[in-house]
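Below you'll find the structure, written out as C-alpha cells, and then a few comments.
The values are calculated or read from the model by the stated rules, or taken from the named source; none is laboratory data. Only a predicted model underlies this, so the values are computations on that prediction, with no experimental measurement involved. Note that each Cβ is placed from the backbone with ideal geometry, even for glycine, and that neighbours are counted across all protein chains shown. Just the protein is used for accessible areas: all its heavy atoms, side chains included, with ligands, DNA and RNA removed. Shrake-Rupley method; radii C 1.70, N 1.55, O 1.52, S 1.80 Å.
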Amino acid sequence: MSQLSAEDEEELQSLLKELLRSTSDKISGAPSTECAEEILLHLEETDKNFHNYEFVKYLRQYVEKSLGSAVEEELKNSTRGEGQHAVGSGHDTLIHAVTRRTGDSAEYQQMMQTLKNTMIVVVESLISKFEEDQLRKEEMHREMDHSQSNIQYQYTDNCSDSDSSFHQSYAFIRQEQLQVLAEKLDSSKPKEVRFEALRALCCAPPSDVLSCESWSVLRRNLCAALMEPDLSENVLQFFAKSFSSSPLNVTREIYTSLAKSVESTFLTHKLSFPSGSAAVDINSPQISRLLKQIRLMNDFQKEVTTFWIRHPEKYMEEIIESTFSLLSFHHDRGSEKTLEPVHLLALLDIKATWFNKWMHGYYSRTVVLRLLERKYKPLVVAALQQCVSYSESCERFTSETTDPHPEKHKPGSTQRSIYSRKELEYSFFVHSLCVLGQLIIYTHGRNLFPVKIRKHKDPISLTNLVVIFINIMYRHPRPAHGDATHTDSLSPSCLVMEVLWMLCERTECAAECLHQTPVIETLLAPVIALLSGQQTKLKHPAATLILIADILARIANTDRGLALFLYEKSLVFPNERTSAAHVIVQFTLRLLDRSLPSLSGADASPTLCGAFIFVCRQMYNTCEGLQVLRSYDLHKSLSAAWKKISSLSERVPTPLSGASAGPSTQETQDMLVWEETLLDSLLNFAATPKGLLLLQQTGAINECISYMFSRFTKKLQVSRCEKFGYGVMVTQVAATAPGVVALQRSGFVRVLVVELWSFLECGCDDVRVVCPRSIPMDPIDRSCLKSFLSLVNLLSSPQSVWELVGRQPLANKSEYTLRETPSSIPDLIDRLIAVNSDVKIHSLFHYEQSHTFGLRLLSVLCCCLDSFLLLESQYNFCSMLLQNQRENVSDQDAGEGAIIVDGLSVERNHVLVRVSVVGGPSERRLPPRALEEGEHPYPWPMFVTQPPPPCYVLSPQDFHSDSQGCEISAFLASSREPKSEDGWLEICRKQFCKAMLSKPNTLTGGVLADLLEKTVSHLSSSASERFFSAPRYKGEEENLENVVLSPVELLGVDICVRYGCYLQLLKEDAMKDLILLMKHVKTFLSTQRITSSSSSPPLFSQQDGYLGHDWLASTVFLIMAGNTERSWNLLLSLSSLLTSAFIWPARTHASVQFPQEVAESGIGPVYWSTAHYVEMLLKAEVPLVHSAFRMSGFTPSQMCLHWLTQCFWNYLDWSEICHYICTCVLMGPDYQVYVCVAVLKHLQPEILQHTQSQELQVFLKEEPIRGFRFSNYLEFMLGLERRYRNLVLTDMRHIQNPSE
C-alpha cells in the first residue's frame, strides 16, 4: 500500500470525501476546529452508521489483510500454551492478551507506518483540490460583488494525533463584520444590499451570529425582512440553521419573532376563507410563504420537547404562549369567515403531533394546561366549536345521497396544491379532534369543561363531548367494504375510535367520560332499535355496529365499566328499565340465530356476531358477569353454532393441487375463522369455576383445550383486552378431572414435561468453552422455576393427580439411555423422585439438581393429603426415601456411620417429616431446608425409621375443657324439647357467636360434639331445612364384612388415628372403630351414586366411587372422641342437609341428587359453587389478593378446593378445624365461602410478598395458616353474610340445577 497507483489514490480520495460529506452536519456545527477534531475522534460512539461508511469498511479490510495471520498465530500460541479451559478470567482476558501482543508485533508497526504515509498523500491531495475550489468560488464572488471579499476568510488548523495529520477548513466571522451586516440589513438599505447581507449571514456559523453584541439589532432587521417576499426565503434559511444548532435561550427568541411575524401577516393581509366552489392555492406566493414559516415553527414545536426540560421554565412558557397567541388569532370581519393560522397548521400537522408531544411530559403539560385555563381557553372553545359544527353538518347530510365530504377531503393522503373549503374545514376538524382527545385524558384538561359555545344554550360537558364523538362515528358516510373504516387513519370513525380507545385505557378518564349513562345509551341506541324491529339511521349498520362492539368490549374490560353494564338499569327495553348487559346478550343471541329482520343477511355477518360475542365474553369470563348472564344459556347457543359450522367445515372438499383459488376457498377460510371464534368464545367460559362446568356440559371442552394449546404454544395473547396469557386459564382447567384429561389429550402435559426436562437436564449450550455456565445456587434454578410452577399448577388438585398418575406403575427400567426423555407425569416421577437405583442416578446429567427438583415437587404434591395417599399407596415412596436416607452414610461399606448432611438428605428429611406428622401450625414442626452457620449447620435429627423423631411433634393443647360455666353448654342442656325450631336455631346461633367472640377456648371437646349433634338433629327434623330426601339406610355390621376399603382409605385411617391419639381424643385401638365407620359411610354413599349412561369410558376418578379419603367423616369421628355410633348418626342426619353438599365432598361425588350430566362431569359443587363465589367475593372485598393470584398464574379456587377437601387438615390447628365444621353447619353453608375469603384476607401480607418472589403457589401449599382464629374474623364473616347471603345462599340452594 506504500506504493499507490493512481486508481487506488482516487478511490481513497472518493471514500474519504464521502465520509466527510456524511458528517458535514456534525462538523459544521462545531464552534472550533478542536471541537470538530473531537467529533471525528468519537464518531464511532455517536454515529450509528459508522460501520456502514465505505471508508471504514476499506480500513477494516486492510487491517484484516495485514494482521489476520498474526492474530491467528497468537490465538494458537495462547490456547496451546495454557489449555483451552485456563485462559485467565475468561473470553475477555484472551482477547486482551492477543490484542496486546499483536500491537507490539512488527507487522502492526509496519502496517501503521504504511497507512500513515498513504493517508498523508491522500489528505494533502484533497486539501489542494479544496483550496483550488475555494479560490475559484472567491473569484466568482469577487466578480459579483467586491465587498464580499472582506467578509470571509479561510482559517486552517493543522492538528495531529498518533502521528497522523488532519486538515479541515471552517468559515468564521468577526464581531465587526456582524456589525456591518446588521447595518446592511436595515430596512432603509437597498434590497440588493440586504439580499447579499442575508446570503453572507447564512454562510456564517449560527453560534457566532447569535452570540454577537448586535444580535438584537440583527433580529429586528431579520423580522422586518421576513415580511418581504424577496427576502423571506433567506431569513427562513438562517432561522432553520439556527434552530438546529443553538441553545433554547436563543432559539426561543427566533421562534417568538417568527410567531409574531406570522400573526402580523395574517392581521395585515386579512386572508379570506374560500367559499362556494372557491379554493386555496398553496402555491400562491403569499400562502406559500406563510406555509413555509408555519412549517418551520411546527418542526421546532415537535423537536423542542426533547431538550427544553434542561432550561428554565420561563423559556418553555414563552414558546408555548407565543404559539397559543398565534393560534388564538381571530380576525373579526362580521359574517365573512377568514383564513386563520390554525387552518394552515392543520394542513401541515393534521393530527396535531406537536400538541401530543407537548402534552406527553408532565413538565410541559402543566404549563400548557395552566395557560389554557387562565388565558387561552378560546382555543378549546374553537376546537370544540369545529367538532360540533362538523357533527351537525354530518347530521344535515345524513338523509342525502351526496357525500358532504368527498374522497379528497383528507389532505394528508396525496400531494396537491388546491384545497377546497370543505377540505380546510375537515383538516381543522381533525386537528381539533386530536387536540381535544389529548386534553380530556388528563384531569386538569377535563377540568376545562363544561365549555360554552355559540348557538348552544347549554354548555358542552365531557359527557356531551363523548356523545358528539360517537354521533360523528355513526354518521360517517364511508362504506364498510374494503376495510376503509380501519385502514384510513384520517376517516372520522377511525379518528373517533382512537380517542375512545385512549379514554378506555385510563381508569379515571374512562370513569368520567365513558362510564356515564348518556354515553351507554348512545352506544346502544342502534342495538335497541334493531332489537325492537326498527330501522336505524346508520348508513352502514354492520361497520358501525362492529365499532360499537369494540368500544363496548373495552368498557366491559374494566371493573367500573363491567359494574355499569351489569347493575346499572339505565336503558329502556322494551318498556322497562334494564341494564346494558341484558341488551347486549339478547342482541348477540339474535345475531347467532339470525333473527333480526331489521338487519339484512349481508350485514349480519359472522364478523359482526363475533364482535358482540367478544363483548359478552368480557362479562361472562368474570364471576359476577357470569352470574348475570347465566340465565340466557349463551354457552348452549355458542355450542350449537360451533357444532353446526364444524359439521359444515368437515364436508368441505379438500382443494386439489393446481386448482384456482376461487370464492369457495375464501368461504372455507371464513368458515374456519368463524369456527375458531366460537371455540375461543366457549373456551373463555373456563375462566371461572362455574363457567368451566358450563363448558364441560357443552361437550366441546376437548376441542376448546386443543385450540387453547395451539395458541399457548405460539405464546399468543388471550385477547386484545387481556393483559396476561393463558396461565390462569390452564390452572383453572387443571383443577378438574375433565379439564386435566383434556389438557393431556391436547398434548399440553407432554410438552410441559419435555420442556422441563430440556431445562433441567439439557440446559442451554455454553456459548464458549472458556466461559462455562455458572453453577446454580438455588435449589431450583431460575431457568426451571417457570416449569416447576406450571407443574405445581397442573397437579394442584387430587383430581388431576388421579387422572394423570392413577394405576400407572413406574418404569423402573434396568437401563436408561442418556437421550431418553420423559413424556408423562409417571415418567417424571420415575426419573426425578423415585431415584432408587444406580442406573437412574447415572442416567441424570445433573443428579443432585434434578433429584432436588423432584423432591421439591413431591413435597408440594404431598401437601394435598389425597394426592399423598395415592402416591404412597401406589409407589410406596416413603420406604424408598427412608432407605435412601439410611444408605447416605459416611461408611457405605459397613453400612454404619453418621448420615451425610447434604442438600438431598435435608430435602428427604423435610419430605418425610411433612408426610409422617399431621397437625396445624402449633401442632407440628417442619425441619427447615436451609443450613445454619456455626459448628452444627443442621441441628435437626434425621428421620431414618418410623416413628418420626419426637422433636417434630409439639405438645398438644387440652381439648377436654370443663363445660361448666359455658353458656352454650347450659343452653344445649336446657333445651331438650324446643317449642319452635326456628327460634331455637336463632338463639343457638346467637349463643355460638357470643361464645366465639368472648370465650372461643370454651368451644372445644364435648361442647362442640353436643352442639353439632343437637344442631344437625334440629335441622334434619325441620322440613324447611332438610334439602335432600331423608336417607333410608339401615347398615347392619354383618352386612359390612364384604365391604373392602381401598389402600388409600386404609392409609387415611392410619393417619387419622395417629392424629387422634396425638390429640388425646382416641385410644390406640380406635382404628377398627374408624374402619367400621368408613365402611358404613362407603356403603351408604354407594347407594347415592349414579350409574354411568355414557358410552365413552368414564373418568378415572368416576370409575370406583370416591377415590380420596373421607376427611369429613374422620373429622367427625375425632370430634365424637371415637364414638362410632354417634359419628354415624350425625353423618346420616347431616346427609339430608344442604351443608353436606359442600363440607362433605364424598357425599356429592357422582350423586343421584344432581342431573346425570352434572354428576358424570367429575366436577363437584365445592368447586363450581363455593370456589366460584370465593373468587367473586375476593375481587370485591380483597382486591389486592385477587390481583396477586392473577399475576402469579394461580387461582383462589384451586387453593380453596385443596383446603376444603381435606377440612383444613395440616393448615389449621384442631380447635380451628372444629370451629370451621360447626360454623358451616350452624351458621349456614354460605359460611364456607366467607371462611375462605377471611383466610385469604388474613394471609394478604404474605400473599403479596410471595407473589413478588414468584412462589405464591408453593407458599400457600407448604405453609400452614399461621395466626388465624375464627373468633378474630367472625365479625368480618357476619358482614359478608349481610352483604352477600341473599346471592350466595340462594345460588347454593339451586345446586341441583347448576346451569339454571
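Applying the condition of being open to solvent by less than 60 Å² (accessible area, probe 1.4 Å) and either in a loop (DSSP other than H, G, I, E, B) or in contact with a strand residue (DSSP E or B) (Cβ under 7 Å, 6 or more places away or on another chain) (or both) to the stretch 1255-1295 and asking which residue is farthest from residue 1172 (Cα to Cα) yields 1267. Exactly one residue out of 1084, 1028 is in contact with a strand residue (DSSP E or B) (Cβ under 8 Å, 6 or more places away or on another chain), more than 22 Å from residue 917 (Cα to Cα) and open to solvent by less than 20 Å² (accessible area, probe 1.4 Å), and it is 1028. When residue 466 is tested against the conditions (1) modelled with pLDDT of 95 or more; (2) of a type in the set (Val, Ile, Thr); (3) surrounded by fewer than 22 Cβ atoms within 10 Å (Cβ to Cβ), the lone failure is (3).
Return the pair list, or none, for Cβ contacts closer than 9 Å from residues in the stretch 552-570 that are within 10 Å of residue 721 (Cα to Cα) to residues that are exposed (fewer than 15 other Cβ atoms within 10 Å of the Cβ) and of a type in the set (Val, Ile, Thr), at least 6 apart or on different chains. Pairs found: 558/507. So which of 871, 855, 882 is of a type in the set (A, V, I, L, M), touching a residue at least 24 places away in the same chain (Cβ under 8 Å) and farther than 22 Å from residue 787 by Cα? Going through 871, 855, 882 in turn, just one is of a type in the set (A, V, I, L, M), touching a residue at least 24 places away in the same chain (Cβ under 8 Å) and farther than 22 Å from residue 787 by Cα: 882. I'd like to check something: does the stretch 955-971 contain any residue that is part of a helix (DSSP H, G or I), modelled with pLDDT under 80, open to solvent by less than 70 Å² (accessible area, probe 1.4 Å) and under 28 Å from residue 1281 (Cβ atoms)? No, the stretch 955-971 has no match at all. For the stretch 249-286, a tally of residues being under 47 Å from the mean Cα position of the chain (by Cα) and touching a residue at least 60 places away in the same chain (Cβ under 8 Å) returns 5.
Just one residue in the set 1112, 1099 is at pLDDT 95 or above, more than 15 Å from residue 1028 (Cα to Cα) and either hydrophobic (A, V, I, L, M, F, W, C) or open to solvent by 10 Å² or more (accessible area, probe 1.4 Å) (or both); that residue is 1112.
Looking only at residues of the stretch 903-945 that are among the charged types (D, E, K, R) and open to solvent by less than 50 Å² (accessible area, probe 1.4 Å), we find that the one that is farthest from residue 858 (Cα to Cα) is 923. When residue 558 is tested against the conditions (1) within 23 Å of residue 395 (Cβ to Cβ); (2) at pLDDT 90 or above; (3) of a type in the set (Ser, Thr, Tyr), the lone failure is (1).
Kindly establish whether residue 538 is assigned to a loop (DSSP other than H, G, I, E, B), within 14 Å of residue 522 (Cα to Cα) and in contact with a helix residue (DSSP H, G or I) (Cβ under 6 Å, 6 or more places away or on another chain). So residue 538 fits the description; yes. Close Cβ contacts (under 6 Å, 6 or more residues apart or on different chains) running from residues in the stretch 287-312 that are touching a residue at least 24 places away in the same chain (Cβ under 8 Å) to residues that are of a type in the set (Asp, Glu) comprise 298/349.
The set of residues in the stretch 980-1023 that are among the hydroxyl-bearing types (Ser, Thr, Tyr) and either open to solvent by 60 Å² or more (accessible area, probe 1.4 Å) or closer than 21 Å to residue 1138 by Cα (or both) comprises 980, 998, 1015, 1017, 1020, 1021, 1022. Scanning the stretch 1233-1254 for residues that are more than 21 Å from residue 1168 (Cα to Cα) and either among the β-branched types (Val, Ile, Thr) or in contact with a strand residue (DSSP E or B) (Cβ under 9 Å, 6 or more places away or on another chain) (or both) yields 1247, 1251. Scanning the stretch 558-585 for residues that are open to solvent by 60 Å² or more (accessible area, probe 1.4 Å) and not acidic (Asp, Glu), we see that the one that is farthest from residue 682 (Cα to Cα) is 575.
Among the residues of the stretch 672-712, write down those that are in contact (Cβ under 8 Å) with a residue 24 or more places away in the chain, open to solvent by 30 Å² or more (accessible area, probe 1.4 Å) and hydrophobic (A, V, I, L, M, F, W, C). Hits for the stretch 672-712 are 673, 674, 709, 712. Checking 596, 538, 547, 566 one by one, the residue that is at pLDDT 90 or above and more than 25 Å from residue 729 (Cβ to Cβ) is 547 and no other. Does residue 1093 satisfy the criteria of being open to solvent by less than 40 Å² (accessible area, probe 1.4 Å), at pLDDT below 95 and within 19 Å of residue 1159 (Cα to Cα)? Considered against the rule, which asks whether it is open to solvent by less than 40 Å² (accessible area, probe 1.4 Å), at pLDDT below 95 and within 19 Å of residue 1159 (Cα to Cα), residue 1093 comes out as no.
Residue count for the stretch 683-720 satisfying the condition of being outside any loop (DSSP other than H, G, I, E, B), among the basic types (Lys, Arg) and more than 15 Å from residue 634 (Cβ to Cβ): 1. Restricting the stretch 1166-1210 to residues that are surrounded by fewer than 24 Cβ atoms within 10 Å (Cβ to Cβ) and of a type in the set (D, E, K, R), the residue that is modelled with the lowest pLDDT is 1190.
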